[in-house]
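Structure first, then comments.
The values are calculated or read from the model by the stated rules, or taken from the named source; none is laboratory data. Computed from a prediction, not measured in an experiment: that's the story for all the values here. Ideal geometry is used to build each Cβ from the backbone, glycine not excepted, and the neighbour counts take in all protein chains shown. The accessibility values were calculated without ligands, DNA or RNA, using every heavy atom of the protein model including side chains. Shrake-Rupley method; radii C 1.70, N 1.55, O 1.52, S 1.80 Å.
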Amino acid sequence: MEPNVGDLLWITVAAGLVFLMQAGFAMLEAGFTRSKNSINVAIKNLADVGISSVGFWAVGFGLMFGTTWQGLTGRDHFLFLPNEGLAGVWEAAFFLFQLMFAATCTTIVSGAVAERMRFAAYLVVSTVITVVVYPVFGHWAWGGALFGSPEGWLVRRGFVDFAGSTVVHSMGGWVALAAVLIIGPRKGRFEEGARMQGSNIPIAVLGALLLWLGWFGFNGGSTLALDDQVPGIILRTSLAGAAGLMAAMAAGWVLTGRADVSHVINGSIAGLVAITANCHAVTEAEALIIGAVGGLVMLGSLRLLERLRIDDVVGAIPVHLAAGIWGTLAVGLFGDPALLGTGLSFWEQVGVQTLGVAVAGVWGFGVSYLLLRLIDRFFPLRVPPEAEEMGLNVAEHGATTELYDLFTTLTEQARTGDLSLRVPEDPFTEVGQIARAYNRVMDRLQETTVDRDEYVRLLSVMRTGLCVIDRDGRIAPHYSRAFLEIFELSEEEAARLTFLDILKSRVPERTYTSVSEFLEVMWAPHVDEEVARSLSPFRELDLFCPHGHRFTHKVIRAEVQRIWGGEAITHLLFVIEDITEQALLERELQEKERRTASEMEMFYHILHTHPVILDQFLQSVEEDLTTIAEICERESDDPERALSLIYRYVHSIKGDAYAVGLDPIGETAHQIEEHILQMRESGTCSEEALVDLGVKMGEIRTLLERALSLKERLLAFHRESAEAPTSDPIVFAVERFLERIRAEEGKRVRVDFSAYHREEIPLEIYKPVKDMVLQCVRNAVAHGIEDEAEREARGKPAEGCIRISTSREEEVLRIIVEDDGRGMDLARLRARLLERGLIAPDAPPREVLRALFTHGASSRDEADALAGRGAGLPLVGTLVRRLGGRIALTSTPGRGTRIVISLPRSPASHIPTSGIQDQELSRS
């Protein structure tokens, strides 16, 4: 191709105009960003020119405009060197013009990721765009332009993008979208009420005007000749920019009630982007429509990004991606077929334009997202939070500003309270004059303020924790040294964390909730202060200060007072005392009194318990305690599993203790159950927690040893007694349990043992059979048998009945426990299991009942010593599984529940490790 000198001159001038757009982008982005990042933005735009020039010269130009390989990519013209003569001059001019386009595509990303991307990471992104993303798609759409014939597979299908709505602008927008999704929004960008205003809007406006001027070369130069098309193209370009400006300004005015300057700026650029693909093939009226719609598309996509919480600092994605897509589709909608020269019908042209847009999205977004995500994994793209807060001018380039010096001094003064700090002054700038005035105020304030060192000394020697918090929970910088010591805080943590943040890691969840609710009441001015303080959870509050996997237990007491500023509460004052020694001593004394009373009570019950039954119970507890100790040692690497297993054994001990009337052991086991649940809730399950649990289990062993010391004397006493109670542990345990129910809850229940035969139960499985029967009876009394009023209303006898029977068929022992109560509430049990995620929503009744014996659930709203934790039936399931047995359950609403346990008369040879696969459950 041998153009004339006029064509070469026009292409060179157009390249210069496009290069001027780099200055426009730099000014626009610097004006739209905050001043602490303005230098970083400017350096990125300058660096784009260098990286684009070298990368496009070495690789990008060859991939984009080299001789095609299968219409997919160029395969020569790398390390570009023009030929000799006029042809070489044309090649040089063409390369220079296309280089400016590559730089434009690259710099689009800069504005979108401003204020939080590492400078080094941005250079990597620029390189990826210049040598991979942009030139490959560019070859598909513009390949062969150097030789004057279409070679890319997309352009051969009839795709038209005259000056780059998609090739340049949408491609840059797709990469920008991928980048902002990976690095996320700026810190605080989407917090309620947040508005991050640009630092210099007039500069941004000037940048937009320079871009508008540069677009004359961008579109006009794409003719690659100074012919009669150029003036019309420039005219239509300018009309579209104006239409985009007016449409976005008007629509934004209606939506927000004001003429937002960002809508005006971005509306004009969106109109220019939209006309770029079709400026050679539309009329002036159509250019106005295309530009106006481009402005509206920009505004709509901008609001969509905000709704999706995608942070694009300058609006690069709405302007370049969204408007670029619209402009590319407008080629098919408005383009004159004769001028397009593709030979396609209207719908064929619209179709191929749509294809081009889709391919650009898949390639531009897909490749860049994968590459940037991979890079981010090994080389983080985002700056650290402290660098973002400091600003990238200083963090990335060490380029400080007067405003930054002022802000730094004020921040340090607020943190330390040091009134001697002064701001650097420069009398020839506005910021310097502000600094000088501020320093004068501080001079006067320091003269009239009590010596801060004396005040700090007083705070450092106070033994009382003293702190003040504001409405957001932030701790004022002046607090006593004792406050840090009580909560075991560093000064950095006190400055960074809120008061509730500190408590959250040091108190149980229920206590944290109580404290949060109390503080809300204290901040409510309409609530009387004395009334509010009467609700305080700080009268005696347990703290657990973390030390790795261990915790230091403290007890504090705090007085909370309001501090008023006019009609509003501005702060809360905390006066905190460490009362650990006093509180723990009082608790120890109370515990000793409780233990003494408990032991006296246990002694009374032992006197009324047959020695044979007592002996069997004590042996059973000894075996359970030994098993628990083995679990603690064996499962130390899996504390969660260990706690689950221990919980079931403790539950068994509690049930047996209450059954034989040894309430002190039952109450201690109940407390240990509570302790295990608290450890699960607070997430403190660890090897150290198992050790602490072992200490608590020692309390049961102590009670056990004291009971054993009475056994021999009681055996002698009962040998001389003429009348001895039954020695069958099952009958004894059930009867004692029902005596307790009648005494404590007034519920009338009798047990029918007429079909029960002890001799049918082999001695080696007698103990687990006893545990199963007792748990089934407890379940029947707690959940099945109604109170007298309800039974009479149902037409039942006032006294409930539980039948226990045994039978033997060949080598199978069957134990049946049935009641005439209300039956199981399947709907409530299903809801409880669903809450815990233990069954599927559409699980059949059979699966719901099966889950009762594997995971457990309770129909009670609250737990007590009798029932409510859902641990009884899983214990039955575990014992049945170990013995190789089966369970059948039938429950009829209003009539009762029947549980049939089938066991081999000799112990099972194989013990499954999970599930209860061999149960049969049914419900009528």
The whole-number value in µm²/s of the Stokes-Einstein translational diffusion coefficient for region 5-378, with Rh from the Kirkwood sum over alpha carbon pairs at 25 °C and 0.890 mPa s, is 122
Cβ neighbours within 10 Å, averaged per peptide: list 743-755, 221-233 in order, most packed at the top. 221-233, 743-755
Length released on extending from Leu86 to Leu500, taking residue separation times 0.36 nm less the Cα-Cα span: 141.4 nm
For region 149-162, Karplus-derived ³J(HN,Hα) couplings (6.51, -1.76, 1.60; θ = phi - 60°; whole Hz; x for glycine and proline) come out as 9, x, 10, x, 5, 6, 5, 5, 7, x, 5, 10, 9, 4
Ala831-Leu421 FRET efficiency (beta carbon distance; Förster radius 41 Å; 0.05 resolution): 0.10
Determine ³J(HN,Hα), in whole Hz, for all residues of region 212-226 in sequence, where each value follows from phi through the Karplus function 6.51 cos²θ - 1.76 cosθ + 1.60 and θ = phi - 60°; x replaces Gly and Pro. 4, 5, x, 5, 4, x, 4, 8, x, x, 6, 5, 6, 6, 8
Cleavage-rule hits, GluC sites (Glu not before Pro), region 471-569, DSSP coil, Cβ neighbours within 10 Å at most 12: Glu567
So what does log10 I(q)/I(0) come out to for region 729-904 at q = 0.13 Å⁻¹, using the Debye formula with one equal point on every Cα and no solvent? -0.65
Quick check on packing: order 318-324, 265-271, 350-356, 77-83 by the mean number of other C-beta atoms within 10 Å, highest mean leading. 265-271, 318-324, 350-356, 77-83
Please give the contour-minus-distance gain from Arg634 to Leu79: 0.36 nm per residue of separation, less the Cα-Cα distance, rounded to one decimal in nm. 193.0 nm
So what's the convex hull volume per residue for the Cα atoms of region 458-585, in Å³? 114
What accessible area per residue comes out for region 5-378, rounded to a whole number of Å², with a 1.4 Å probe? 36
Kirkwood Rh over Cα pairs of region 183-279 into Stokes-Einstein at 37 °C, 0.692 mPa s: D in µm²/s? 218
At what distance in angstrom do the alpha carbon centres of region 112-170 and region 466-508 lie from each other? 54
In nm, what is the difference between 0.36 nm times the number of residues separating Arg195 and Glu520 and their Cα-Cα distance? 114.3 nm
Ordering of 629-635, 800-806 by burial proxy (mean other Cβ atoms within 10 Å per residue, highest first): 800-806, 629-635
Which pairs in the list Lys654/Lys747; Lys592/Lys654; Lys592/Lys696; Lys654/Lys796; Lys592/Lys747; Lys554/Lys696 are over 24 Å apart, alpha-carbon to alpha-carbon? Lys654/Lys796; Lys592/Lys747
Here the FRET efficiency for Thr511 versus Ala259, based on Cβ atoms and R0 = 51 Å and rounded to 0.05, is 0.45
When ligands, DNA and RNA are left out and all protein chains stay put, how many square angstrom of accessible area per residue does region 796-857 have with a 1.4 Å probe? 48
Using a Cα-Cα cut-off of under 22 Å, which lysines could be cross-linked to Lys44, ignoring same-chain neighbours fewer than 8 residues away? Lys36, Lys187
Give me log10 I(q)/I(0) at q = 0.16, 0.26, 0.27 Å⁻¹ for region 236-283, Debye formula, one equal scatterer per alpha-carbon, no solvent. -0.41, -0.80, -0.84
So for R0 = 41 Å, FRET eff. of Glu847-Phe379 from the Cβ-Cβ r, to 0.05, ends up at 0.25
